[in-house]
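For reference, the structure is listed below as structure tokens.
The values are calculated or read from the model by the stated rules, or taken from the named source; none is laboratory data. Quick caveat: nothing in here was measured; it's all calculated off a predicted structure. Cβ placement follows ideal geometry from the backbone for every residue including glycine, while neighbour counts extend to all protein chains displayed.
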Amino acid sequence: MIVLVTPRLRLRTARPDDLEAMHAVLSSVEATLYWSTPPHADLDRTAVWLRAMIDIPSGEGEDFVVEHEGRVIGKAGLYRFPEIGFILHPDSWGQGLASEALTAVLTRGFDVHGLDAVIADVDPRNAASLRLLARHGFGETGRRERSWLVGETWCDSIDLALTRDDWLAARPG
Ligand SMILES: CC(C)(COP(=O)(O)OP(=O)(O)OC[C@H]1O[C@@H](n2cnc3c(N)ncnc32)[C@H](O)[C@@H]1OP(=O)(O)O)[C@@H](O)C(=O)NCCC(=O)NCCS
């Protein structure tokens, strides 16, 4: 099992017993407002999602559940190299925890996996994610209309990227 430790968080490989905690996140209407799927209606839906997360072949991606004070509060990772994805339970928002998780995930992507860039695909209405990514140096590379069909609603995308060079340049020291 891979474990990444930050001042307040522990990011680790997902396990089947993360089901209830991840369902609490993925069934949240607030947390999934700009997510790629509607809120999960039942545990079975989350079980399928969690199984896919656990089964990501090494070399294709690396995703982590995020633990804070001993509880799973969400997930963050490069779920499909080189794309980053993250979601936290709303009870944990606004404390800089996503930012802390991103630092760990980006460090791992660039330092361990040797990625040339990390990319992200964000709904233009998702101010929190856009702000978070901008704080970490991501820049816009393009826009797409009607890129995701979420339930019955078409949503748009802003494509962003953080290059390895920009990551290294922004790094303290
Ligand atoms: C995006 C998300 C992970 C941010 O989590 P968080 O722990 O609250 O974020 P942080 O506290 O680390 O804040 C990061 C930055 O975003 C800003 N921010 C947070 N919420 C914001 C909001 N609603 N509107 C605007 N900016 C916001 C913070 O002020 C901070 O910027 P700063 O450093 O300039 O002050 C969380 O809102 C979430 O889970 N959203 C739903 C899932 C989602 O949309 N995932 C992304 C799909 S691409």
> Restricting to the stretch 61-105, what's the tally of residues that are touching a Gly at 6+ places or on another chain (Cβ under 6 Å), of a type outside the set (Phe, Trp, Tyr) and assigned to a strand (DSSP E or B)?
Replying inline: 7
> Which numbered condition trips up Gly151, out of (1) out of contact with any helix residue (DSSP H, G or I) (no Cβ under 8 Å at 6 or more places or on another chain); (2) exposed (fewer than 15 other Cβ atoms within 10 Å of the Cβ); (3) modelled with pLDDT of 95 or more?
Replying inline: (3)
>> Could you go through the stretch 118-139 and let me know if any residue there is over 14 Å from the mean Cα position of the chain (by Cα) and more than 16 Å from the ligand (Cβ to nearest atom).
In response: no
> So which of Gly74, Gly85 is touching a helix residue (DSSP H, G or I) at 6+ places or on another chain (Cβ under 6 Å) and either modelled with pLDDT under 95 or not hydroxyl-bearing (Ser, Thr, Tyr) (or both)?
Replying inline: Gly74
> How many residues does the stretch 6-32 hold that are among the aliphatic types (A, V, I, L, M) and free of Cβ contacts under 8 Å to residues at least 24 places away in the same chain?
Replying inline: 1
>> Looking only at the stretch 138-173, filter to residues that are of a type in the set (Gly, Ala, Ser) and outside any loop (DSSP other than H, G, I, E, B); which one of those is farthest from Thr32 (Cα to Cα)?
In response: Ala169
> How many residues does the stretch 128-173 contain that are touching a residue at least 12 places away in the same chain (Cβ under 8 Å) and touching a Lys or Arg at 6+ places or on another chain (Cβ under 8 Å)?
Replying inline: 5
> Within the stretch 3-38, can you find the residues that are surrounded by 18 or more Cβ atoms within 10 Å (Cβ to Cβ) and acidic (Asp, Glu)?
Replying inline: Asp18
> Hey, does the stretch 52-63 have a residue that's under 14 Å from Asp18 (Cβ atoms) and within 14 Å of the ligand (Cβ to nearest atom)?
Replying inline: yes
>> Going by what's in this entry, would Asp116 be described as loosely packed, with under 14 Cβ neighbours inside 10 Å and acidic (Asp, Glu)?
In response: yes
> Which of the residues belonging to the stretch 64-100 are acidic (Asp, Glu) and more than 10 Å from the ligand (Cβ to nearest atom)?
Replying inline: Glu67, Glu69, Asp91
> Looking at (1) within 16 Å of the ligand (Cβ to nearest atom); (2) more than 25 Å from Arg164 (Cα to Cα); (3) not in a loop (DSSP other than H, G, I, E, B), which is the one condition that is false for His40?
Replying inline: (3)
> Exactly one of (1) under 15 Å from the mean Cα position of the chain (by Cα); (2) closer than 21 Å to Val25 by Cβ is unmet by Arg71. Its number?
Replying inline: (1)
